[in-house]
Each structure stands twice: as structure tokens, then as C-alpha cells.
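This report concerns only the one structure given below.
The values are calculated or read from the model by the stated rules, or taken from the named source; none is laboratory data. Note that the coordinates shown come from a computational prediction; the quantities given were computed from them, not determined experimentally. Note that each Cβ is placed from the backbone with ideal geometry, even for glycine, and that neighbours are counted across all protein chains shown. Accessible surface is based on the protein model in full, side chains and every heavy atom, while ligands, DNA and RNA are left aside. Shrake-Rupley method; radii C 1.70, N 1.55, O 1.52, S 1.80 Å.
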Amino acid sequence: MNALQPGVLAPVPRAARYLSFSLRPRANPRRSLAALAGLADGESCVVGIGESVLRVLGSTVEGMRPFPSYAGAGFEVPSTPAALWCWLRGSDRGALFHKGREIEHALAPAFTLRQAVDAFRHGNGRDLTGYEDGTENPRGRKAVAAAAVKGMGAGLDGSTFVAVQQWVHDLDRFQSMSVKEQDNSIGRRRRDNMELARAPASAHVKRTAQESFDPEAFVLRRSMPWTDGTRAGLMFVAFGKSLDAFEAQLRRMVGAEDGIADALFRFTRPVSGSYFWCPPVRRGRIDLGRIA
Ligand code: HEM
């Protein structure tokens, strides 16, 4: 039986490393993907495949499409497609680093590492602004219903789509805001995580309230703070049974519906945006039977 990669459902780990890869010109990815399938259990390494790789394999996964780009009032939301994405999950940064090298070697020469980003859990799962992240995530069966493809047949059932966006925070700007302005920009009180009864329409949780969409737009968020020593922010990661829910939320965040941009843009910016299809697991390994 196919199932979701277990790392999708598990709580956010203590430490992580995100790898994104490009495909070399005219490279055949089959052998590299087979080597990756031997290494990736979907738990310590969650794998996502980009549209360009599906195309070169002659495969289609219904619902896969390019990440949209937007220009809002004073900000951009870029689309930066990548061939392959690995989310290494664990607790020991050294072990994650070495696992990353092992994967990089297994994927060579067809794939080249484009970016590696180290991420970590902050407190009980907070963004670096101090706000708890993930409170309104669906749980249990609802999490599976939000994330897992079903009714599409072997090799597709148990797969999921993921939206990945690296956000860079301007923490000086954020810290120059009053506590009230900070709380209003999220729509929750940082002190006790209570939702504000009268949050402005630009508040992030007002923009993204999952039940307010038609159809309802539930996603399974597994974002983590990251830093490269000088810059820092949130690696936003949202899994879904399709990309529709994420896209509906993003459209509202940029103000495409009503001209009101999410207040998050007052102190943070996305610098990347990619979609991947995450194959299911079978007998403890990612199952590439549908595409390779
Ligand atoms: C720097 C980027 C972001 C930060 C710091 C951030 C932070 C937060 C925080 C603190 C919450 C409230 C607690 C919770 O329910 O998790 C939240 C909720 C949420 N965020 Fe974000 N978020 C970011 C980007 C995004 C993006 C890009 C999307 C989707 C396009 C998104 C979708 C959601 C959703 C769906 C909720 C729950 C809304 C609800 O149903 O109440 N977030 N986020």
C-alpha cells in the first residue's frame, strides 16, 4: 500500500537541511533517481520532484504546474522552479550535512546542488518573530485528507504536492513596530497566541483563514526558521492534495482579490517559490514507479 512520506505528517524536527537541485543540460535523471530512491525513506529525507524532471521523463502528474509569480504594491513574489527538492530532517546538524553530501553524490552527475539551507526549530515551533506557527494546521485524519492524493491509482495515491518559499525577514524593521502593530500584522497575540477578535483585514490569519475560502483551502504547513549566519527568515513549506489551496491563499496574501496585501510584507519577503510533486512511499522507500 502506498502512503504519504512519513516526514510530511510528523512534527517539525529539531534540525533540517533543505537541498534544491538543477538538472544538467541533456542529462538523463533515471539512474540518479533510482539511487536516490535507495537512500530516501520519506521520513529522514522527504523528496519532491520538479515539473522539469517529470517532463524529461515523459511523465505527467495531473495538477502539477509552474509556481505563479506576482508583483504587489512594493514587493515581488518570485517563481524559481527547481528540478528536485530534498528536506533532510533530524536533530544533528553534522549528520544532516553528511547525509546531504551522500545524496548529492548519489544524484550526480545528472543533478547539481543549487542551494542548501540549514533550518531549525525555534522554541515550541515559532517563527523568528516569536509567533507560534502551525496552530491551525489540520491534525490526524484531517491532515491526511488535506495532504494526500487519493483515488488516482497506484503510484499516485499517497503522493502530495508541496509549495516551498524561502522568506527573508527584516527583523530590524519588525522590531521597530509596536507590539500592537506586530500582533495586528499576524492577527494573533504573540503573548498567548490568542486570535485577535478585531484584527485588520490585512492580518495574515485573516488573509489565509482556511475555512473562509470556497472551497475551503486546507494545507499542511511544515515551515521552519532558517539562517545562513547573516540573513534569516522562514522556509515556508505547505503540503496539499493539490496546489489549489496554497494558490488561493497566496493570491489573497498579495492582494490579487481585493487590493489588500498581507501585513507580513511589511517586514518579510519571499526570495524563492517552487512546486514539487512528492511521491508516495512503499515498503519504506519513496516509490517512483509512476514516473521512472
Ligand atoms: C514569512 C512567512 C510567513 C510567516 C512568518 C507565517 C506565520 C504564520 C503564523 C504565525 C500563523 C498563525 C498560527 C498558525 O495557525 O499557524 C500563520 C497562519 C497561517 N499561515 Fe502563515 N506565515 C507565513 C507565510 C505563509 C504563506 C506564504 C501562506 C500561504 C500562502 C501561509 C498560510 C497560512 C495559513 C493557511 C495559516 C492558518 C490560517 C487559519 O486557518 O487560521 N503562511 N502563519
Open item on the list: If you roll a 1.4 angstrom probe over the protein chains with everything in place, what fraction of the accessible area of the range 227-292 belongs to carbon and sulfur, to the nearest %?
Closed with: 46 percent
Task: Protein accessible area in the range 82-167, 1.4 Å probe - carbon and sulfur % - done: 52 percent
Task: Cβ charges +1 (Lys, Arg) and -1 (Asp, Glu), total dipole of the chain, debye - done: 660 debye
Open item on the list: Using a Cα-Cα cut-off of under 18 Å, which lysines could be cross-linked to Lys142, ignoring same-chain neighbours fewer than 8 residues away?
Closed with: Lys150, Lys241
Open item on the list: Just to be sure I follow: if Rg is taken over the C-alpha atoms of the range 28-147 and Rh is the Kirkwood radius over the same atoms, what is Rg/Rh?
Closed with: 0.99
Task: Summed side-chain charge close to Ala154 - residues other than Ala154 whose Cβ falls under 14 Å, Lys, Arg +1, Asp, Glu -1 - done: +2
Open item on the list: To the nearest 20 Debye, how big is the dipole of the range 1-97 about its Cα centre, given +1 on the beta carbon of each Lys and Arg and -1 on that of each Asp and Glu?
Closed with: 340 debye
Task: Most positive-pole-ward Cα, Gly134, Ser59, Gly229, against dipole of the chain from beta carbon charges - done: Ser59
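Over the range 173-292, with the other protein chains present, what is the accessible area per residue in square angstrom, probe 1.4 angstrom? Let's see the in-between values first.
Numbers: 5530 Å² over 120 residues.
Each residue of the range 173-292 exposes 46 Å² on average to a 1.4 Å probe.
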Open item on the list: With +1 on the Cβ of every Lys and Arg and -1 on the Cβ of every Asp and Glu, and nothing else charged, how large is the dipole of the range 47-137 about its Cα centre, in debye rounded to the nearest 20?
Closed with: 300 debye
Open item on the list: Quick check for you: with a 1.4 Å probe and neighbouring chains kept, what is the accessible area per residue of the range 1-133, in Å²?
Closed with: 47 Å²
Open item on the list: Suppose a student asked you for the relative contact order of the chain, using Cα pairs under 8 Å spaced at least 6 residues apart; what percent would you report?
Closed with: 31 percent
- [ ] Any aspartates and glutamates with Cα under 15 Å of the Lys99 Cα? List them, leaving off those in the same chain fewer than 8 positions away.
- [x] Asp41, Glu43, Asp118
Task: Hz values of 3J(HN,Hα) by residue in the range 264-274 - Karplus curve (6.51, -1.76, 1.60), Gly and Pro given as x - done: 4, 5, 6, 9, 8, 9, x, 10, 8, x, 9
Task: Surrounding net charge for Phe213, when Lys and Arg each add one and Asp and Glu each subtract one, Cβ distance under 14 Å - done: -4
Open item on the list: What whole-number distance in Å separates the alpha-carbon centres of the range 225-263 and the range 88-141?
Closed with: 18 Å
